[in-house]
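Contents: one structure, followed by commentary.
The values are calculated or read from the model by the stated rules, or taken from the named source; none is laboratory data. No experiment lies behind these values; they were computed from the predicted model shown. We place every Cβ from the backbone using ideal geometry, glycine too, and count neighbours over all the protein chains shown. Side chains are part of the model used for accessible areas, which takes the heavy atoms of the whole protein and leaves out ligands, DNA and RNA. Shrake-Rupley method; radii C 1.70, N 1.55, O 1.52, S 1.80 Å.
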Amino acid sequence: VQLLESGGGLVQPGGSLRLSCAASGFPFTNFDMTWVRQAPGEGLEWVSSFTGRSRRTYYAESVKGRFTISRDDSKSTLYLQMSSLRVEDTALYYCARDSGVYEYWGQGTLVIVSS
Amino acid sequence: DIQMTQSPSSLSASVGDRVTITCRSSQSISSYLNWYYQKPGRAPNLLIFGGSTLSSGVPSRFSASGSGTEFTLTITSLQPEDFASYYCQQNYDRPYTFGQGTKLEI
């Protein structure tokens, strides 16, 4: 199992960014997928999840209305479209395979929101 | 959402010590409780799932127990590689929330 995030970078407040998580080594369609973030020096914060079979999406209150999670099962890729970014969105963003248990994680992609 | 509260938030210990970390949930979550550890600069690693089942490769000095709303993670005979941050996470009901973490320091 491999999860490889990309798309992070430096963006100004109010800007947008799209993160990707390329998955391999398992049947992507069958699994829920989740984004978790970690601000510098802080703990883990669940951000968003997309279930595989029921195709339901879930968002933390802190990102609801600003972030959109999606997935392309044909490409085994999970996305996180982030808009109206705030300074407090600065964090390392991880994707994780979600079977209720986050057994596999990517290495993370860093998002810095700063003017 | 289910709130998860860990204590203590930080803990100082020595190699060879026994330490216990507590995690409490705002409502009963049966045994749907997982533990992760994280070293600085690294992604989290699954330590224990289902309240008390060790993940593959986790040493037997780690153990966990609890059900309902109160859970504990115990590390006996601390080793240098155990000094890290530990997080509990409930998977009883979405969103699967984390505790705020416990930093275990030398």
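Within region A:61-87, which residues are under 26 Å from B:Asn45 (Cα atoms), open to solvent by 10 Å² or more (accessible area, probe 1.4 Å) and within 14 Å of another protein chain (Cβ to nearest Cβ)?
Scanning region A:61-87 gives A:Glu61, A:Ser62.
For region A:7-30, enumerate the residues that are of a type in the set (Gly, Ala, Ser), more than 11 Å from A:Leu80 (Cβ to Cβ) and in a strand (DSSP E or B).
Correct list: A:Gly9, A:Ala22, A:Ala23, A:Ser24.
Considering only region A:88-98, state which residues are outside any helix (DSSP H, G or I) and either of a type in the set (Lys, Arg) or open to solvent by less than 10 Å² (accessible area, probe 1.4 Å) (or both).
Initial filter on region A:88-98 (outside any helix (DSSP H, G or I)): A:90-98.
A:Ala91, A:Tyr93, A:Tyr94, A:Cys95, A:Ala96, A:Arg97, A:Asp98, listed by residue number.
Conditions first: (1) surrounded by fewer than 16 Cβ atoms within 10 Å (Cβ to Cβ); (2) without any contact (Cβ under 8 Å) to a residue 60 or more places away in the chain; (3) more than 10 Å from chain B (Cβ to nearest Cβ). A:Ser114 passes all but one, so which condition is the exception?
(2)
Based on what the data block shows, is B:Gln6 within 25 Å of A:Gly41 (Cβ to Cβ), facing chain A (nearest Cβ under 10 Å) and not small (Gly, Ala, Ser)?
Numbers: within 25 Å of A:Gly41 (Cβ to Cβ): yes; facing chain A (nearest Cβ under 10 Å): yes; not small (Gly, Ala, Ser): yes.
So B:Gln6 fits the description; yes.
Just for strands (runs of 3 or more DSSP E) wholly inside region B:58-105: which have at least 1 residues that are open to solvent by 50 Å² or more (accessible area, probe 1.4 Å)?
Working: elements: B:62-67, B:70-75, B:85-90, B:102-105.
Filter on region B:58-105 gives B:62-67, B:70-75, B:102-105.
Any residue that is out of contact with any strand residue (DSSP E or B) (no Cβ under 8 Å at 6 or more places or on another chain) and either closer than 30 Å to A:Tyr59 by Cα or crowded, with 18+ Cβ neighbours inside 10 Å (or both) - is there at least one of those in region B:7-27?
Residues of region B:7-27 out of contact with any strand residue (DSSP E or B) (no Cβ under 8 Å at 6 or more places or on another chain): B:14-17, B:27.
Next cut, either closer than 30 Å to A:Tyr59 by Cα or crowded, with 18+ Cβ neighbours inside 10 Å (or both) only: B:27.
Looking through region B:7-27, at least one residue is out of contact with any strand residue (DSSP E or B) (no Cβ under 8 Å at 6 or more places or on another chain) and either closer than 30 Å to A:Tyr59 by Cα or crowded, with 18+ Cβ neighbours inside 10 Å (or both).
What tally of residues in region A:99-111 results from selecting those that are in a strand (DSSP E or B) and within 13 Å of A:Leu19 (Cβ to Cβ)?
Going through region A:99-111, the residues in a strand (DSSP E or B) turn out to be A:102-105, A:109-111.
Filter again for within 13 Å of A:Leu19 (Cβ to Cβ), leaving A:109-111.
The total comes to 3.
Which pairs turn up if I take residues in region A:60-77 that are within 14 Å of A:Thr34 (Cβ to Cβ) and look for partners that are part of a loop (DSSP other than H, G, I, E, B) with beta carbon separation below 7 Å, at least 6 apart in sequence or on another chain?
A:Ala60/B:Pro95
Mind checking which residues of region A:42-54 are more than 10 Å from every other protein chain (Cβ to nearest Cβ), out of contact with any helix residue (DSSP H, G or I) (no Cβ under 7 Å at 6 or more places or on another chain) and modelled with pLDDT under 95?
First pass over region A:42-54, keeping only residues more than 10 Å from every other protein chain (Cβ to nearest Cβ): A:50, A:52-54.
From the residues that got through so far, the ones that are out of contact with any helix residue (DSSP H, G or I) (no Cβ under 7 Å at 6 or more places or on another chain) too are A:50, A:53-54.
Within region A:42-54, A:Arg53, A:Ser54 qualify.
Looking at A:Thr109, A:Thr29, A:Thr34, A:Thr57, which is the one that is within 10 Å of another protein chain (Cβ to nearest Cβ) and either among the polar types (S, T, N, Q) or surrounded by fewer than 18 Cβ atoms within 10 Å (Cβ to Cβ) (or both)?
Numbers: A:Thr109 fails: within 10 Å of another protein chain (Cβ to nearest Cβ); A:Thr29 fails: within 10 Å of another protein chain (Cβ to nearest Cβ); A:Thr57 fails: within 10 Å of another protein chain (Cβ to nearest Cβ).
Within the list A:Thr109, A:Thr29, A:Thr34, A:Thr57, the selection yields A:Thr34.
Only one residue in B:Phe71, B:Phe62, B:Phe83 is touching an Asp or Glu at 6+ places or on another chain (Cβ under 8 Å) and either more than 14 Å from chain A (Cβ to nearest Cβ) or over 30 Å from A:Ala60 (Cα atoms) (or both), so which one is that?
Working: B:Phe71 fails: touching an Asp or Glu at 6+ places or on another chain (Cβ under 8 Å); B:Phe62 fails: touching an Asp or Glu at 6+ places or on another chain (Cβ under 8 Å).
Result of the check over B:Phe71, B:Phe62, B:Phe83: B:Phe83.
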